[in-house]
Structures are given as structure tokens and as C-alpha cells.
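Take a look at the structure below.
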Amino acid sequence: MNKLKGIHHVTAITSSAEKIYDFFTYTLGLRLVKKTVNQDDIQTYHLFFADDAGNPGTDMTFFDFPGIQKGVHGTNEISKTSFRVPSDDALAYWVKRFDKFNVKHHGIQEQFGKKILSFVDFDDQQYQLISDELNEGVESGTPWQKGPIPLEFAITGLGPVHIRTSFFDHVKEILEKVFLMKEIAQEDAFHLFQMGEGGNGAQVVVEFNTVLPQARQGFGTVHHTAFRVEDRADIEAWQKRLHGFQLPSSGYVERYYFGSLYTRIAPSILFELATDGPGFMGDEPYETLGEKLSLPPFFEEKREEIEGLVRPIDTVRSTKNFEKEYL
């Protein structure tokens, strides 16, 4: 069984597929690499935003469940998603950009020796940018080449996932004994865990918090986070390992773009293991990724039904010319 390689993706819930598309495309400069539906709820969009080619470790995805209530942030949740940028200077660019676009942020700070910039979207979804200037470990992706952000400042992939929990000892034991992560640092109530080659793309920050109320999932919160494995053989080996620790799991789930295995480690904290391949390039050309509604082959016979359930969203960008926005 191979060890986990790093963060694969983070999946969150949004109140509006249209608004999250605009925010990620035009404000954050991430590329929509797949417009599809939730395979377990076909009336719900599933949008994948990533680097230029949709590489594993770079994508944040969103569901827009119809009629869902707003989530409540608190303890026992995956609380924040990080995005990697190349340098400390890039963070200074993003402060100016967020000010220009009226994005709420907390200014440049530092945690575990890295410069960070925390911010929120229209749903109060929690994010941060993290500088790769002093980073070593898992390589990041390639910024969206034709997007609006100057490449020297652009987001390249996912950084540390943040978890807030009142069950710290339990979560620490799961991360270390089951998932073979290692705690490498602590600052006050925050504990830094690392997997694989380490670095920003392979870390989890766990905050021990017994003061805040129980989080409630809804729009504006994270649904689950996924970690990278090589292939289905790794998934099956990890399934046996989870069973050995008496952790429930979904068994292998074919998602077409990758294979998955799910397990819930604590209240409202759902983990997924996901394969690096086959990826997002198999059913669309590079030039028009994310511009049409993509469905895995086992859903094609339902295309007419699905297209009748989800409203059209214009995600065509190949005909547009984005000027790099220097500030």
C-alpha cells in the first residue's frame, strides 16, 4: 500500500452555481475544467475549478443542492480551503485585487512560517492564499494560462486543508495511525500534519476548539476533502486498511474522472481517497474544457433528462480574450 501523496481536491457547497462560476473565473482566475452533475443527485451541478489542465491537487469543486439552507461555521467541520500562490509578492497583489473587487479579507498574516491571506466569498465560504516562497515538497500545478491573473501571481493549486474539531485526540489518532500522517508543528490550538513528500500541497491544519458551537453543513461550507492515491489498487489496499481499523467506508466508487473511496472520521468530517487519473482531458479537448455539460458514459443515456433538470449556464471562455490584470 502506497502512502497518501497529498491533497487531491476539496468539494464545497454553494448557493449559486452561476455566482461561484463568476467568482472563481473572473476574481480568482481558476479554470473551470469540468461542468457536470452530482452523480448521486443529478439535478445538482458539480463544477470543477483547477489549474490550466485540471491536474490532481489543484481543484476545488462545488455542489449547488436545490433548496439547501445556509451552513453554520463552528467546530467539527472542514473549515477552510487553501490555495497556493508562487510568492509573498503574489499575496501583496491579491490584497490589492481583493480590495478592488470588494472581497472580504484579513490582510497578510503568518502561520507555521508561511505568509497567508484569508478571505471569504459571497456565501461566507472560508479560504486562504498561502505563499510557496519558502515551500518544499509536492509540486504545484500550472496557472490558467489564458485567465485574467498575471502568471507570476496566479493560483497554482491547493494548499493545506483546515479542520476544526472538539475531538482533537481522536482526529490526531486517525490522521497518524490510519492515514500515516505526521504532526510536524504546533502554534497555540493549531496543529500541522504532513503526508507524502510534504509541503503546502500535502498538509492538514487541525484546530482544537471546544468553544464554538457544532458546525452545520449547508451552502458556504465544505462537503468533503480528498487525498491523492495512485490508482485503484491503492484504493483497494486503503479500503482493507480502513476495515482493519473498523472505520466504515463506501467501497470503491467509480467517478469516471477518478476512482474514489469515502470514510467519515468524525462528525461532519468526510474524507475521500481519489486516484490521480484518468483526469479531465478524456472527454473534452484542452481548448474548451468545462464549456459543455460533460457526463460520464454511464449517464449518457440520461442526458436529455439531466439537461431538463439543470438550468443552462454559459461557461464558454475559448472565444474570449482575457487581458492580464496588473494592479
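Could you please tell me which pairs satisfy a Cβ distance under 9 Å, a separation of 6+ or placement on different chains, a first residue in region 98-117 that is touching a residue at least 24 places away in the same chain (Cβ under 8 Å), and a second residue that is assigned to a strand (DSSP E or B) and among the acidic types (Asp, Glu)?
The qualifying pairs are 111/187; 112/187; 116/110.
State whether the residues of region 195-203 include one that is out of contact with any Gly (no Cβ under 8 Å at 6 or more places or on another chain) and either part of a strand (DSSP E or B) or closer than 23 Å to residue 83 by Cβ (or both). Working first, answer last.
First, the residues of region 195-203 that are out of contact with any Gly (no Cβ under 8 Å at 6 or more places or on another chain): none.
The answer is no; no qualifying residue exists.
Identify, please: which residue in region 121-149 is within 28 Å of residue 71 (Cβ to Cβ) and surrounded by fewer than 17 Cβ atoms within 10 Å (Cβ to Cβ) and is, among those, farthest from the chain's Cα centre (by Cα)?
For region 121-149, the residue satisfying everything is 122.
Please find, among 270, 242, 293, 247, the residue that is within 16 Å of residue 36 (Cβ to Cβ) and aliphatic (A, V, I, L, M). Step through it out loud before you land on a result.
Details: 270 fails: within 16 Å of residue 36 (Cβ to Cβ); 242 fails: within 16 Å of residue 36 (Cβ to Cβ); 247 fails: within 16 Å of residue 36 (Cβ to Cβ).
Residue meeting the stated conditions: 293.
Yes/no per residue for (1) farther than 23 Å from residue 326 by Cα; (2) more than 16 Å from the chain's Cα centre (by Cα); (3) crowded, with 19+ Cβ neighbours inside 10 Å:
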{"position": "19", "(1), (2), (3)": "yes, yes, no"}
{"position": "23", "(1), (2), (3)": "no, no, yes"}
{"position": "58", "(1), (2), (3)": "yes, no, yes"}
{"position": "63", "(1), (2), (3)": "yes, no, yes"}
{"position": "82", "(1), (2), (3)": "no, no, yes"}
{"position": "86", "(1), (2), (3)": "no, yes, yes"}
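Which one of the conditions (1) among the hydrophobic types (A, V, I, L, M, F, W, C); (2) surrounded by 20 or more Cβ atoms within 10 Å (Cβ to Cβ); (3) at pLDDT below 95 does residue 266 fail to meet, given that it meets all the rest?
Of (1) among the hydrophobic types (A, V, I, L, M, F, W, C); (2) surrounded by 20 or more Cβ atoms within 10 Å (Cβ to Cβ); (3) at pLDDT below 95, only one is false for residue 266: (2).
Note down all Cβ pairs under 6 Å where the first residue falls in region 253-281 and is within 30 Å of residue 213 (Cβ to Cβ), the second is at pLDDT 95 or above and of a type in the set (D, E, K, R), and they're at least six residues apart or on different chains.
Pairs that qualify, where the first residue is within 30 Å of residue 213 (Cβ to Cβ) and the partner is at pLDDT 95 or above and of a type in the set (D, E, K, R), are 262/272; 268/77; 270/264.
Look at region 1-35 and say how many of its residues are modelled with pLDDT under 95 and either in contact with a Pro (Cβ under 9 Å, 6 or more places away or on another chain) or among the hydrophobic types (A, V, I, L, M, F, W, C) (or both).
1
Taking the residues in region 128-150 that are hydrophobic (A, V, I, L, M, F, W, C) and in contact (Cβ under 8 Å) with a residue 24 or more places away in the chain as candidates, determine which candidate is farthest from residue 247 (Cα to Cα). Steps first, please.
To start, the set of residues in region 128-150 that are hydrophobic (A, V, I, L, M, F, W, C) comprises 129-130, 134, 138, 144, 149.
Narrowing further to those that are in contact (Cβ under 8 Å) with a residue 24 or more places away in the chain: 129-130, 138, 144, 149.
On the way: 129: 33, 130: 32, 138: 28, 144: 38, 149: 43 Å.
Among them, the one singled out is 149.
Does region 261-306 hold any residues that are of a type outside the set (A, V, I, L, M) and assigned to a strand (DSSP E or B), and which are they? Give the derivation first.
At the first step, the residues of region 261-306 found to be of a type outside the set (A, V, I, L, M) are 262-264, 267-268, 271-272, 275-280, 282-288, 290-292, 294, 296-305.
Listed by number, the residues that qualify are 262, 263, 264, 271, 272, 275, 276, 277, 278.
Being more than 17 Å from residue 112 (Cβ to Cβ) and touching a residue at least 24 places away in the same chain (Cβ under 8 Å) is the filter; apply it to region 170-195 and report the residue that is surrounded by the fewest Cβ atoms within 10 Å (Cβ to Cβ).
Applying the first criterion (more than 17 Å from residue 112 (Cβ to Cβ)) to region 170-195 yields 170-171, 173-174, 176-180.
Add one more test, that the residue is touching a residue at least 24 places away in the same chain (Cβ under 8 Å), and what stays is 170-171, 174, 177-180.
Working: 170: 12, 171: 22, 174: 19, 177: 10, 178: 17, 179: 21, 180: 13.
In this case the residue turns out to be 177.
Since residue 95 meets every condition but one in (1) surrounded by fewer than 22 Cβ atoms within 10 Å (Cβ to Cβ); (2) in contact (Cβ under 8 Å) with a residue 60 or more places away in the chain; (3) over 19 Å from the mean Cα position of the chain (by Cα), which condition does it not meet?
Tallying (1) surrounded by fewer than 22 Cβ atoms within 10 Å (Cβ to Cβ); (2) in contact (Cβ under 8 Å) with a residue 60 or more places away in the chain; (3) over 19 Å from the mean Cα position of the chain (by Cα), residue 95 fails exactly one: (2).
The values are calculated or read from the model by the stated rules, or taken from the named source; none is laboratory data. Nothing here was measured: the structure is a model prediction, and the numbers come from that model. Reconstructed Cβ throughout: ideal geometry from the backbone, glycine too, with neighbour counts over all protein chains shown.
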